[in-house]
Amino acid sequence: MMKISIIAVGKVKEKYFTEACNEYAKRLGAFCKFSITEINEYKCPDNPSPADIEATIEAEGQRILAAIPNGATVVPMCIEGKLLDSVAFADKFTEIQNRGFSNVAILIGSSNGLADEVKKRADFKLSM
């Protein structure tokens, strides 16, 4: 059975989003082993400089990289990624399975984005 891990910076705060996440996790349980790991956001100062933002992205990137399961196919969500419709998205997961991989980690950064080191770790980049 495929294992899908979502590793995201930040926490879902609104109750209705939490309920929706739980419902989708329950539905996915019939098809895969599904987990969500929420990484604490790095505290950036008010009115951050570009250097502060870069330091934030790098610190969060280290936390994300540490949370990736061993042997996982890494799929960061980033602007450079490929935009897929639902059918192509499902086909991508089938392709990953057909290549003999059963563990996928989908990475979601903060509003500042993902560190270059995280993007370099990608097996496939996805955009929304």
Inset, instruction - Restricting attention to segment 28-40, report how many residues are outside any strand (DSSP E or B) and either at pLDDT below 90 or open to solvent by less than 50 Å² (accessible area, probe 1.4 Å) (or both). - result: 4
Inset, instruction - From (1) hydrophobic (A, V, I, L, M, F, W, C); (2) at pLDDT below 90; (3) open to solvent by 50 Å² or more (accessible area, probe 1.4 Å), pick out the condition that doesn't hold for residue 25. - result: (3)
Legend entry - Residue list for segment 1-23, filter: more than 16 Å from the chain's Cα centre (by Cα) and part of a helix (DSSP H, G or I): 15, 16, 17, 18, 19, 20, 22, 23
Inset, instruction - Could you list all residues from segment 50-104 that are β-branched (Val, Ile, Thr), open to solvent by 80 Å² or more (accessible area, probe 1.4 Å) and without any contact (Cβ under 8 Å) to a residue 24 or more places away in the chain? - result: 87
Legend entry - segment 99-112, residues that are part of a strand (DSSP E or B), under 21 Å from residue 70 (Cβ atoms) and of a type in the set (S, T, N, Q): 103
Legend entry - segment 1-22 - residue that is open to solvent by less than 70 Å² (accessible area, probe 1.4 Å) and among the aliphatic types (A, V, I, L, M) and, of those, nearest to residue 111 (Cα to Cα): 9
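Residues are listed down the side, and each one gets a yes or a no for (1) assigned to a strand (DSSP E or B); (2) polar (S, T, N, Q); (3) under 29 Å from residue 42 (Cβ atoms):
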{"residue": "71", "(1), (2), (3)": "no, no, yes"}
{"residue": "82", "(1), (2), (3)": "yes, no, yes"}
{"residue": "87", "(1), (2), (3)": "no, no, no"}
{"residue": "93", "(1), (2), (3)": "no, no, no"}
{"residue": "97", "(1), (2), (3)": "no, yes, no"}
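The values are calculated or read from the model by the stated rules, or taken from the named source; none is laboratory data. Model, not experiment: these values are computed from the prediction. A quick note on method: Cβ atoms are made from the backbone with ideal geometry, for glycine too, and the neighbour counts reach across all protein chains shown. Each accessible area value is taken on the protein alone, full model and side chains, heavy atoms only, with ligands, DNA and RNA left out. Shrake-Rupley method; radii C 1.70, N 1.55, O 1.52, S 1.80 Å.
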